[in-house]
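Chemist: One structure coming up, written as structure tokens, with questions to follow.
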Amino acid sequence: MSAPLYGLVLTGGRSRRMQRDKAALEYAGQPQLARAMELIAPFVSRRFISIRSDQHHDPQRAAYEGIVDLLPDLGPLSGIHAALHAHSQAAWLVLACDLPFLDAATLQQLIAERDPQSIASAFRSSFDGKPEPLCAIWEPHSITTVDASVASGSNCPRSLLSQGAVRLLQLRNPRALDNINTAEEYLAARGALTPGTRMDATNEAISLHVQYFAVLRDQAGRSEETVATEARTPRELYEVLRQRHGLKLLPEQLRVAVNDDFADWNRPLRAGDSVVFLPPVAGG
């Protein structure tokens, strides 16, 4: 008899490349964490999120039952390790929280082809053929392998599964496990998942003229530039440029003008627009 199946969405990462909480990113009007928890609900008997000790009171996570990392700073393996120890009788359907293209059919395939005798059942990566550990079912007895890996100083779940007895599955939906790590990837994914958000029929990047003033000019290392981007609002554009140039100010600290008129941050942009980001004026 197979062990009961619990669900775990990994939310304890620090999103260093994104520089924003990936669990809070919205797709089609819904935060990704909520999307992931809804997606796994029909397939598991209990659902949890993995969290760091400093995330207890985060409003994005407060609505869900959490499992706190026992061993911090191990990356995704921290969450898997803590879940296996918290409920050792259960198998765990583990998902990363940055898989916006994941669908129910992919989870159905994973569960239907699950092998409880293996330490895990996982999809084979379409890029390198190795196991994809962050959309996988980890069986209860995988705790021995996980503990041994942690004790040896190895915290890579992909390497762990590559060396163990794993059931590898062929992924039917090639985009299901596309993960989102940068602002550019987020904008592209959000556009793909939100019908009608594109301003042109080709879905291609548009060219915009951007100007920076005062402290922003110093941070960007330039006073103006022409950019090709998939951003379709000033807010999306500023997020891309903030990541690219290391801009320190948040949109709430700025004003934005489009074609010489002050504009709303969510105003649609069109090819050829001129966008100016204006920091607060110092002095009285």
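Chemist: Grab every C-alpha pair in segment 60-196, bin the distances at 10 angstrom width from 0 up to the longest one, and report whole percents.
Modeler: P(r) for segment 60-196, in whole percents per bin: 11, 40, 36, 12, 1, 0.
Chemist: DSSP H helices in the chain with Cα extent of 24 Å or more along the helix axis and mean Kyte-Doolittle hydropathy at least 1.6?
Modeler: Values: long enough: none.
Helix filter hits for the chain: none.
Chemist: Using alpha-carbon pairs under 8 Å, 6+ residues apart, how would you state the relative contact order of segment 198-278 in percent? Walk me through the numbers on the way to the answer.
Modeler: Working: 135 pairs, mean separation 32.2, N = 81.
About 40 percent, as a whole number.
Chemist: If you take every residue apart from residue 274 with its C-beta less than 14 Å away from the C-beta of residue 274, what net charge results, scoring Lys and Arg +1 and Asp and Glu -1? Walk me through the numbers before you get to the answer.
Modeler: Working: positive: 267, 270; negative: 224, 225, 260, 261, 273.
Result for the neighbourhood of residue 274: -3.
Chemist: While we're looking at this one, here's another question. Arrange the peptides 165-175, 128-138 so that the one whose residues have, on average, the most other Cβ atoms within 10 Å appears first.
Modeler: Numbers: 165-175: 15.5, 128-138: 20.3.
Order by mean packing, descending: 128-138, 165-175.
Chemist: If the only charges are +1 at each Lys and Arg Cβ and -1 at each Asp and Glu Cβ, what is the size of the charge dipole of the chain around the Cα centre, to the nearest 20 debye? Each step should come with its number before you reach the end.
Modeler: Numbers: 29 positive and 32 negative charges, 51 e Å.
Computed charge dipole of the chain: roughly 240 debye.
Chemist: For segment 5-169, give me the percentage of DSSP beta bridges that are antiparallel, rounded to the nearest 5 percent.
Modeler: Values: 11 of 29 bridges.
Around 40 percent antiparallel, to the nearest 5.
Chemist: What is the Cα centroid distance between segment 63-124 and segment 131-147, reported in whole angstrom?
Modeler: Using only Cα atoms, the two centres lie 7 Å from each other.
Chemist: Compute for segment 198-278: radius of gyration divided by Kirkwood radius, i.e. Rg/Rh, restricted to C-alpha atoms, rounded to two decimals.
Modeler: 0.93
Chemist: What's the center-to-center distance, using Cα atoms, between segment 150-185 and segment 211-270 in Å?
Modeler: Cα centroid of segment 150-185 versus Cα centroid of segment 211-270: 35 Å apart.
Chemist: Tell me what the chain gives for mean residue ellipticity at 222 nm when only DSSP H runs of n ≥ 4 count, each as -39,500 (n - 2.57), the sum divided by the residue total, rounded to 500 deg cm²/dmol. Numbers along the way, then the final one.
Modeler: Details: 8 runs with 74 residues, N = 284.
For the chain, the value works out to -7500 deg cm²/dmol.
Chemist: Test of understanding: express the Cα radius of gyration of the chain as a ratio to 2.2 N^0.38 Å, with N the residue count. Write down the numbers at each step before the final one.
Modeler: On the way: Rg = 21.7 Å, N = 284, 2.2 N^0.38 = 18.8 Å.
Against the empirical 2.2 N^0.38 Å value, I get 1.15 for the chain.
Chemist: At a 10 angstrom cut-off on C-beta neighbours, averaged per residue, how do the peptides 260-269, 112-121 rank from highest to lowest? Could the numbers behind the result be given before it?
Modeler: Values: 260-269: 13.0, 112-121: 18.1.
Per-residue Cβ counts within 10 Å, averaged per peptide and sorted highest first, yield 112-121, 260-269.
Chemist: Still on this model: Toward the positive end of the charge dipole of the chain, about the Cα centre and with charges on Cβ (Lys, Arg +1; Asp, Glu -1), which of 228, 205, 27 goes farthest?
Modeler: Ranked along the dipole, the leading option is 27.
Chemist: Another one. Given an 8 Å cut-off on Cα distances and at least 6 residues of separation, report the relative contact order of segment 1-137 as a percent. Display every interim value, and only then the final one.
Modeler: On the way: 217 pairs, mean separation 38.5, N = 137.
Value for segment 1-137: 28 percent.
Chemist: A follow-up question, please. Which whole-number percent gives the relative contact order of the chain, counting Cα pairs below 8 Å spaced six or more residues apart? Walk me through the numbers on the way to the answer.
Modeler: Details: 503 pairs, mean separation 44.0, N = 284.
Normalised by residue count, the contact order of the chain is 16 percent.
A short reminder: the numbers here are calculations on the coordinates, not readings from a lab. On a predicted model such as this, the values are computed, not experimentally measured, just so you know. Cβ: placed from backbone, ideal geometry, glycine included. Neighbour counts: every protein chain shown.
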